Amino acid sequence: MSTEGKAKIVTTHVLHEMKLRGEKIAMLTGYDFSTARILDAAGVDIILVGDSASNVMAGYESTLPITLDQMIYHAQSVVRATKRALVVVDMPFGTYQGDSKLALNSAIRIMKESGADAVKLEGGREILESVNRILSAGIPIMGHLGLTPQSIHKFGTYVVRAREEEEADKLVEDAHLLEDAGCFSIVLEKIPAKLGAQVARELKVPIIGIGAGPGVDGQVLVVHDMLGITHEFSPRFLRRYHNLYAEMMGAFQAYIKDVKGLDFPNEREQY
Ligand code: KIV
């Protein structure tokens, strides 16, 4: 259930059924009401209120600075716009690591104040206590393994993760731990396609990939990236469906020209 007690069409159960029948899951990020309304009407299955809002909405270099209050604000806007899709909200950096009571309080705030359907946490064994505590309150969790941007200062780079056997083995073990704990789905970011397919094969829960190849159960992209609003960032996994940067630039420049050239407003555009 989401806002105003309306039953959602896409539930965690529906996602499991999609995996069973081999139907791929389409997930995109959303941070605001107007975009979320289009995402939902288009039929996207999951809207992720990602902490990538820290980059694409607030202009920070990493996902670390965004706060719980800011994530709740974005989530409220998305939930108000969404009738069909499952809404998952990223728990921001510093609200769940190393303190499972804090983790539970943060997750409860997200669910209570935004009306979202689930939360997403980055990490495996090291956050298991927080995962268990949040799940014990009946809050659905999506895991996130591989390149976990909240740990960028540990990794030092955004290169592909788990190419080496040791890191790949840990990722598979973490994925099993998250599934056994009760997570309903897991995001795998920027890992070899073979490893993504292996995890999707071994686990019963849907695996959503971003740079994890075609063998997973669904895909996610950051909406600003796939629309081409951001243009300085071009990882191999990113397919751009539009060049909104150029379109918006053209529209803004045309408006400036019209205003300065006394062409706007014309006779039909005034009272
Ligand atoms: O914050 C985000 O947008 C994400 C996706 C990249 C999966 O976590």
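Data for the structure
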quantity	calculated
Among beta bridges that DSSP assigns inside the chain, antiparallel share in %, nearest 5	0 percent
Probe 1.4 Å, all protein chains present, accessible-area order of Y271, Y241, Y31, largest first	Y271, Y241, Y31
Cβ-defined net charge surrounding G50, 10 Å radius [Lys, Arg +1; Asp, Glu -1]	-1
Reachable aspartates and glutamates from K19, criterion Cα separation under 18 angstrom, eight or more residues apart if same chain	D45, E179, D180, E202, D217
Accessible heavy-atom area order of K194, K120, highest first, probe of 1.4 Å	K194, K120
Tail beyond 27 Å, pair distance distribution of the stretch 127-261 (Cα, percent)	34 percent
Stokes-Einstein diffusion coefficient of the stretch 1-95, Kirkwood radius over Cα pairs, 25 °C, 0.890 mPa s, in µm²/s	178 µm²/s
Karplus 3J(HN,Hα) series, Hz, for the stretch 261-266 with 6.51 cos²θ - 1.76 cosθ + 1.60 (x for Gly, Pro)	x, 6, 8, 10, x, 8
Exposure ranking of H231, H153, H13, H144 by accessible area [1.4 Å probe, largest first]	H153, H13, H231, H144
Cα centroid separation - the stretch 211-226 against the stretch 67-90, whole Å	20 Å
Helix 193-202 vs. the chain, principal-axis angle (Cα, 0 to 90°, nearest 10)	60 degrees
Accessible area in square angstrom per residue, the chain, 1.4 angstrom probe	52 Å²
Carbon + sulfur, % of accessible area of the chain - ligands and nucleic acids excluded, 1.4 Å	55 percent
Over 20 Å (Cα to Cα) - which of K101/K190; K101/K154; K83/K112 fall in this group	K101/K190; K101/K154
Area accessible to solvent at H176, 1.4 Å probe radius, in Å²	60 Å²
Evaluated at q = 0.11, 0.13, 0.16, 0.17 Å⁻¹: base-10 log I(q)/I(0), Debye formula over Cα of the chain	-0.61, -0.83, -1.25, -1.42
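The values are calculated or read from the model by the stated rules, or taken from the named source; none is laboratory data. Everything numeric here is computed off the predicted structure, so don't read it as measured data. Note that we place each Cβ from the backbone using ideal geometry, even for glycine, and neighbour counts take in every protein chain shown. When the accessible area is computed, the model is the full protein with side chains, heavy atoms only, and any ligands, DNA or RNA have been set aside. Shrake-Rupley method; radii C 1.70, N 1.55, O 1.52, S 1.80 Å.
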